[in-house]
Each structure stands twice: as structure tokens, then as C-alpha cells.
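Mind looking over this structure? Questions follow.
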Amino acid sequence: MKKTISCVLFDLDGTLIDTAPDLVACLNKTLIEYDFPPVSFDFVKPNVSFGAVAMIDASIDKNVDAPTRARMLDTMLTLYENNIATHSDFFDGMREVLAFIELHPIPWGIVTNKRTRFTVPLIHAFDLSSRAACVISGDSTPTPKPHPAPLFAACEQAGVLASECVYIGDAAHDIVAGNAANMHTLAAVYGYLQPNDTPENWGADALIESPKQLLTWLKNVL
């Protein structure tokens, strides 16, 4: 049975765009500046969906004092702001997904916990500003995901019903938020999952292993 899908909403990091290369590079520059050893890409990648604080916390000793952590965070974020799309790129096949959605045509948008300070220059770098029907950042609403407020804000901006949206994200809080908003939900298991994640228990309508599989899902329901 075909679902009624009037809008496709994406999480940003780990779902729409592979931002981990730039985030990890900026983390390692910060670690070196503060006399900590750099970490491997694979070690810290699972923390990307939880932000810079989580990436730093995973990479340094728990006994490091709060002021040092705060300075490291400021350094990393400044580096990232100045290198927002040096190595980042769409996940393989995502350009085709967006092209299919736009040809259908239905609107699509972005709902991320990334702050506006970083979301806006990133989507500008990928020429998405005029293509996305809505862009909601982590500070666009008083409560970020897993609260459904950002998703409702996206629906209002795009002029669509929440029940007719599908939301795709690579973290449990994405699926929790989407379900709370009464949306269809897809877990992007190709993203930045942690080793102990169990996406099969998140309550998503389906697990998506690649953008190519997402394209197939969309073709089957639209």
C-alpha cells in the first residue's frame, strides 16, 4: 500500500551530508593544539551525531578540567566554522535522491540539531539554500530533537502536514522525534551509529543502509 508522502525531511550530519571528515579534522587540530594525541577517524566518528562536545569528551581524559574543555570547544568550533566544507560531501547516491524528489515533485527539507551558525554556511556551500523548502537548526526552536518541536516547525515552514512527512535520520533521537510528530520515519544506518546502537529497536518504519536504498523506498511509496 502506498503511503501519503507530501514532504521528505532529512537530518543533516550523517544522513544528508557526510560531515565527519571536516569535524574530525578540526577535532584533531584542537587536540594537538592542547597537547593531546590525535584520535583515529573510526574511533570518534560514532560521536559526530552528538556534536562537538561529545567528540571532545570521547577524545580526552575525564579528569580534564571544565575551563580547558570549554576553551577546546571554542577552538574546535572556530576551526570548523572556517573549514565547514573542505572535505565534506553528499553521501554517495544522495544527489540522485534529491533529484528524484524534486522531479516528483514534492518539497524536501532539513531538520538538524546543528546550530544555525554552522547549518547556514554548510547548506550554502552545497547550494541547497534555494532547493530546501525548510531548514530548521538546533537553535531554531526552544527544544531540539528528540523533542518534536523542530519537526513541527519544519512542517509549518514547508506548508505540509506532519502526518504526510517522512523523516530520515541516523540517531535514535531522530526517530524518537519523528515518531512523536506522527511522521513516517527511516533510520539511516549508513550514518554515524555508535557500536552499541540498536536501530532495529528505535521504532523506525524501515532501516536504510544506503541512499540508493532510500531512493528505492521513495520510488515504492511516491
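Would you check the accessible area of CYS134, probe 1.4 Å, heavy atoms only, in square angstrom rounded to 10?
Answer for CYS134: close to 0 Å² accessible.
List, in order, the whole-Hz ³J(HN,Hα) value for each residue of the stretch 90-100 obtained from phi through the Karplus relation with A = 6.51, B = -1.76, C = 1.60 and θ = phi - 60°; use x for Gly and Pro.
4, 4, 4, x, 6, 4, 5, 4, 5, 4, 5
Further question on the same structure: For the chain, report the accessible area per residue in Å² (1.4 Å probe, heavy atoms, rounded to an integer). Could the numbers behind the result be given before it?
On the way: 10070 Å² over 222 residues.
For the chain, the per-residue accessible area is 45 Å².
Mind checking Rg over Rh on the stretch 64-220, alpha carbons, Kirkwood formula for Rh?
Radius of gyration relative to Kirkwood radius: 0.97.
Using 0.36 nm per residue, how much length does the chain from VAL120 to GLU164 gain when fully extended, once their Cα-Cα distance is taken away?
Numbers: separation 44, 0.36 × 44 = 15.84 nm, distance 2.59 nm.
Between VAL120 and GLU164, full extension yields 13.2 nm more.
If amide hydrogens are placed 1.01 Å from N in the peptide plane, which non-local residues have theirs closer than 5 Å to the one on ILE136?
Hits under the 5 Å cutoff: ILE110, VAL111, THR112.
How high is the relative contact order of the chain, in percent, counting Cα pairs under 8 Å that sit 6 or more residues apart?
Contact order relative to length: 27 percent.
Output the Cα-based Rg and Dmax of the stretch 157-200 in Å, rounding Rg to one decimal and Dmax to a whole number.
Answer for the stretch 157-200, Rg first and Dmax second: 11.4, 37 Å.
Can you pull the percent of the stretch 97-189's accessible area that's carbon plus sulfur, 1.4 Å probe, other chains left in place?
Details: 2040 of 3550 Å².
C and S fraction of accessible area: 57 percent.
Please give the length that would be gained between THR68 and GLN194 if that part of the chain were fully extended, namely 0.36 nm times their separation in residues minus their C-alpha to C-alpha distance (nm, one decimal).
Values: separation 126, 0.36 × 126 = 45.36 nm, distance 2.59 nm.
This chain segment gains 42.8 nm when fully extended.
Divide by every residue of the chain the summed helix terms, -39500 (n - 2.57) for each DSSP H run of at least 4, and state the resulting mean residue ellipticity at 222 nm, rounded to the nearest 500 deg cm²/dmol.
The per-residue figure over the chain is -12500 deg cm²/dmol.
Just want the answer: with Cβ charges of +1 for Lys and Arg and -1 for Asp and Glu, which residue in MET72, PHE118, TRP108 is farthest toward the dipole's positive end in the stretch 68-130?
MET72
A further question follows. Magnitude of the Cβ-charge dipole of the stretch 38-185, K/R +1 and D/E -1, about the Cα centre, nearest 20 debye?
The calculated dipole for the stretch 38-185 is roughly 280 debye.
Related question: Given all pairs of different Cα atoms, what value in angstroms does the Kirkwood hydrodynamic radius of the stretch 1-148 take?
16.5 Å is the Kirkwood radius here.
Using 0.36 nm times the number of residues separating GLU81 and ALA206, minus their current alpha carbon distance, what extension gain do you get?
Taking GLU81 through ALA206 to full extension adds about 41.6 nm, to one decimal.
Turning to a different aspect of this structure: Cα-based Rg of the stretch 1-75 per 2.2 N^0.38 Å, rounded to two decimals? Provide the component values of the computation, followed by the final result.
On the way: Rg = 16.2 Å, N = 75, 2.2 N^0.38 = 11.3 Å.
Expressed relative to 2.2 N^0.38 Å, the Cα Rg reads 1.43.
Same structure again: Between SER40 and GLU96, what is the FRET efficiency for a Förster distance of 45 Å, r being their Cβ-Cβ separation, to the nearest 0.05?
Once the sixth-power term is evaluated, E becomes 0.90.
Using θ = phi - 60° and the Karplus curve 6.51 cos²θ - 1.76 cosθ + 1.60, what whole-Hz ³J(HN,Hα) does each residue of the stretch 72-87 get, with Gly and Pro shown as x?
My calculation for the stretch 72-87 gives 5, 4, 4, 5, 4, 5, 5, 4, 5, 4, 8, 9, 5, 9, 6, 10 Hz in order.
Okay, next question. In sequence order, what are the phi-derived ³J(HN,Hα) couplings for the stretch 190-197 according to the Karplus relation 6.51 cos²θ - 1.76 cosθ + 1.60 with θ = phi - 60°, rounded to whole Hz, with x for glycine and proline?
7, x, 9, 6, 8, x, 9, 5
Compute the whole-percent fraction of alpha carbon pairs in the stretch 112-174 spaced more than 13 Å apart.
Cα-Cα pairs in the stretch 112-174 separated by more than 13 Å: 64 percent.
Please enumerate, by chain and number, the aspartates and glutamates with C-alpha under 18 Å from the C-alpha of LYS219, excluding those fewer than 8 residues away in the same chain.
Output for LYS219: ASP92, GLU96, GLU102, GLU164, ASP205, GLU209.
The values are calculated or read from the model by the stated rules, or taken from the named source; none is laboratory data. For clarity, every value in this text was computed on a predicted model and none was experimentally measured. Every residue, glycine as well, gets a Cβ built from its backbone with ideal geometry; the counts of neighbours run over all protein chains shown. Just the protein is used for accessible areas: all its heavy atoms, side chains included, with ligands, DNA and RNA removed. Shrake-Rupley method; radii C 1.70, N 1.55, O 1.52, S 1.80 Å.
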